[in-house]
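All remarks here apply to the structure that follows.
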Amino acid sequence: MFKLIRNLVIGLALAVPACVVAAEKTDVALNDIPKLAKEDQHPVSCRRIYRALTETHYRKDVAIDDQFVQDFYIQYFKYVDPYKSLFFRNEIKEFIADIGNVRASIVRCKLDLPYKIFNRYAVHKFDQMKNAIALLEGDKLDLNENDEFVYDREKEDWPEDPKQRSELWKKIVKYDLIKIILSGKSREDASKQLIKRYRSNLNFLTQLVSEDAFSAFENTLAHQFDPHTNYMSPIASEEFFADMHLSLEGIGATLKTEDDTVVIEELIPGGPAEKSKLLKPKDRIIGVGAKENKITDLVGMRLDEAVKLIRGPKGSKVFLQIQRGEGEAARIFVISLIRDKIKLTDRAAAGEVLNIDGHKVGVLKVSSFYDNLTSDAREQLEKLKKEKIESLVVDLRGNGGGLITEAAGFTGLFIEKGPVVQVRDMNNFIETVDDPSSDIMYDGPMVVLIDNLSASASEIFAAALQDYGRALIVGSNSFGKGTVQQVRSLSKFYDLFNGELGQLSYTIAKFYRINGGSTQLRGVTPDVVMPMLSDVQKYSEKELDNALPWDSIKSQKFQRVGSPAEHAQKLSIELNARIASDPAYQVTLEQIELAKKIVDKPSVSLNLEERKTKKEEDAKGELDRTNRLLKIIGQKPVENLNDVPADVKFPDPIKDQAARVALGLALQQ
């Protein structure tokens with residue numbers, strides 16, 4: 001789907017009072033939808049955002065030329081119309097035909113045009129929802145036709161005329177309806193649920209405010225500079241700083257909106273969502289409720305309203321309706337979580353010892369580079385050394401980063417004093433961050449295990465140990481986020497404008513390895529590659545629009561202390577031989593192959609019986625794989641996936657094989 005995403009609020013951290021949702025109108029009319037226009041603060045915010053982006057962003061020298069302006073407006077249309085299903089092709093051309101007027105909205109903050117587009121969007125959305133409800137109420141959908149719906153519409157064009165658009169709308173309704181039927185609903189109940197969803201969408205159109213249009217406009221502009229630059233409205237700014245400074249309470253997840261649905265961007269280590277092992281990044285939360293049989297549909301809902309429904313006090317139960325995957329891979333299910341305060345101890349570095357063929361290998365799991373990580377890791381390493389481990393695995397899978405100071409301190413536990421990372425700002429000033437301590441906590445053979453969700457500080461650590469020749473990097477290519485952001489208030493200390501203006505989070509610097517190469521875009525390449533299911537998701541920096549490019553600067557002076565990579569070829573051959581006979585890893589490989597067949601297919605069948613047959617086949621395959629894993633750990637097979645014990649711990653073949661690579665490294669050095 002479109003990589004342009006709407007980050008309106010940052011997380012689900014705090015307990016807040018239950019929201020008061022306006023009563024829904026049963027029959028929304030077009031004149032119930034407000035006509036939005038700029039408010040007094042918007043030109044002020046717009047000018048300050050433009051100045052910050054063009055003067056202090058890392059890409060401050062980007063040319064605001066005709067091509068930039070045209071690309072920007074195409075993205076703005078995608079922002080408000082992600083399925084390319086609302087506007088007509090000629091409308092797009094009509095709006096951006098007057099390039100001078102289009103440029104004025106960006107450079108001189110004449111905001112009439114973006115509001116005109118947003119208001120037109122609301123009218124089209126109203127028509128679409130009315131059309132969809134009529135199709136369902138009239139039972140006019142034939143689910144036996146051999147038709148296909150292109151759900152990934154990135155490469156598709158907007159419809160040419162009303163007939164083409166109506167056909168597209170019908171396919172979208174069929175797509176939505178079949179997904180609900182496949183979740184276990186009868187067609188009648190699925191239709192009722194979908195009608196309710198579409199009526200809710202109509203109702204939310206009546207609650208649009210001017211800030212919605214302004215946020216869409218400014219976030220589109222921000223993302224033209226890079227994908228990690230975001231405008232936060234005054235309300236979103238309050239949420240952000242509350243989440244940063246107050247006690248963390250809730251389900252523990254960072255959310256965004258994408259294609260009218262709430263999407264999990266990140267699971268907070270130690271939070272209920274992460275500890276449940278039931279949720280993953282990119283899962284869509286399409287419903288929420290206090291009871292399993294009373295789920296409120298979230299599709300099309302404003303993100304701030306959805307967040308209020310998902311949040312709640314510690315100890316309260318919440319049911320989340322989840323959609324995982326798209327097209328044929330789409331699966332809808334309901335989970336329950338107990339909201340809780342996120343405890344730092346839950347995300348602390350944790351060590352364990354694996355006994356492999358009479359040898360001991362230590363595994364240090366690091367979920368994030370949190371404040372005090374270095375101290376906690378020192379303690380864990382002391383315990384592992386007392387167990388007389390022969391090698392060590394530092395597991396950074398899923399570690400999205402954290403504090404650069406902790407990245408430097410953690411690196412210092414494995415090397416003598418020296419440079420860890422270089423940081424270059426927008427003025428080309430380069431600063432080197434060094435290991436703050438000269439003592440080495442562990443000097444034995446080691447492996448750093450990474451995946452495509454290992455980002456930022458994780459990449460700094462892995463890259464430094466790779467450059468020093470201190471560790472063998474194992475796994476899959478890391479995420480590739482090598483940029484630094486700061487949050488800046490749009491208000492001034494002495495301000496002539498008396499009002500809230502929100503915040504701008506923007507990129508100010510890039511990280512560089514001590515060998516001079518950037519971690520941006522390319523990430524860290526492993527010495528020994530291990531196939532992982534997460535790789536198939538294509539979730540990385542290079543998949544994001546307008547990501548900053550890779551480049552390099554001068555290398556720092558540093559002394560390599562080893563050459564573990566010279567053993568990589570032999571260890572890879574041994575690894576692949578073990579994988580071929582590892583029954584748990586074979587399950588992973590099967591899942592990877594299945595995912596590959598689906599992920600590159602941009603369309604899905606709209607024939608219900610065909611989809612049911614495919615779902616049954618997929619369910620049988622999943623049950624077979626699950627029972628094979630249960631057998632490995634000595635558990636009885638189950639007849640239904642719902643019968644799998646909630647507390648069962650399935651094998652982690654990736655961790656096991658990484659430990660065997662680490663042992664192999666120790667035996668060869």
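Key figures
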| read-out | value |
| --- | --- |
| Flag for residue 602 being under 31 Å from the mean Cα position of the chain (by Cα), closer than 28 Å to residue 512 by Cα and not acidic (Asp, Glu) | no |
| Unmet criterion (only one of (1) part of a loop (DSSP other than H, G, I, E, B); (2) open to solvent by 70 Å² or more (accessible area, probe 1.4 Å); (3) under 30 Å from residue 326 (Cβ atoms)) for residue 651 | (2) |
| Residues located in the range 508-556, provided they are open to solvent by 50 Å² or more (accessible area, probe 1.4 Å), assigned to a helix (DSSP H, G or I) and of a type in the set (D, E, K, R) | 535, 542, 543 |
| Residues within the range 405-417 that are over 16 Å from residue 269 (Cβ atoms) and either of a type in the set (S, T, N, Q) or modelled with pLDDT of 95 or more (or both), tallied | 8 |
| Qualifying residue in the range 356-368 (condition: closer than 30 Å to residue 55 by Cα and among the β-branched types (Val, Ile, Thr)) | no |
| Residue satisfying all of: in the range 158-184; modelled with pLDDT of 95 or more and part of a loop (DSSP other than H, G, I, E, B); farthest from the chain's Cα centre (by Cα) among these | 161 |
| The range 562-602: number of residues that are in contact with a helix residue (DSSP H, G or I) (Cβ under 7 Å, 6 or more places away or on another chain) and polar (S, T, N, Q) | 2 |
| Conditions (1) small (Gly, Ala, Ser); (2) touching a Lys or Arg at 6+ places or on another chain (Cβ under 7 Å); (3) assigned to a loop (DSSP other than H, G, I, E, B); number of the one not met by residue 444 | (2) |
| Residue within the range 138-145 that is modelled with pLDDT under 95 and over 22 Å from residue 604 (Cα atoms) present | yes |
| Members of the range 557-586 found to be outside any helix (DSSP H, G or I) and over 33 Å from the mean Cα position of the chain (by Cα), listed by number | 557, 558, 559, 560, 561, 562, 563 |
| Single residue of 612, 620, 596 found to be modelled with pLDDT under 90, part of a helix (DSSP H, G or I) and exposed (fewer than 15 other Cβ atoms within 10 Å of the Cβ) | 596 |
| Qualifying residue in the range 122-130 (condition: β-branched (Val, Ile, Thr) and either at positive phi or open to solvent by less than 50 Å² (accessible area, probe 1.4 Å) (or both)) | yes |
| Long-range neighbours under 6 Å by Cβ, at least six apart or interchain, first residue surrounded by fewer than 19 Cβ atoms within 10 Å (Cβ to Cβ) within the range 282-305, second among the polar types (S, T, N, Q) | 289/296; 295/321 |
| In the range 495-507, residue nearest to residue 47 (Cα to Cα) [restricted to those that are free of Cβ contacts under 8 Å to residues at least 60 places away in the same chain and open to solvent by 60 Å² or more (accessible area, probe 1.4 Å)] | 496 |
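Matching residues to (1) out of contact with any helix residue (DSSP H, G or I) (no Cβ under 8 Å at 6 or more places or on another chain); (2) buried (at least 24 other Cβ atoms within 10 Å of the Cβ):
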| site | (1), (2) |
| --- | --- |
| 414 | no, yes |
| 420 | no, yes |
| 424 | yes, no |
| 430 | yes, no |
| 436 | no, no |
| 439 | yes, no |
| 443 | yes, no |
| 450 | no, yes |
| 457 | no, yes |
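The values are calculated or read from the model by the stated rules, or taken from the named source; none is laboratory data. Because the structure is a prediction, the values reported are computed rather than measured. Don't worry about glycine lacking a Cβ; one is built from the backbone with ideal geometry, like all the others, and counts go over all protein chains shown. Each accessible area value is taken on the protein alone, full model and side chains, heavy atoms only, with ligands, DNA and RNA left out. Shrake-Rupley method; radii C 1.70, N 1.55, O 1.52, S 1.80 Å.
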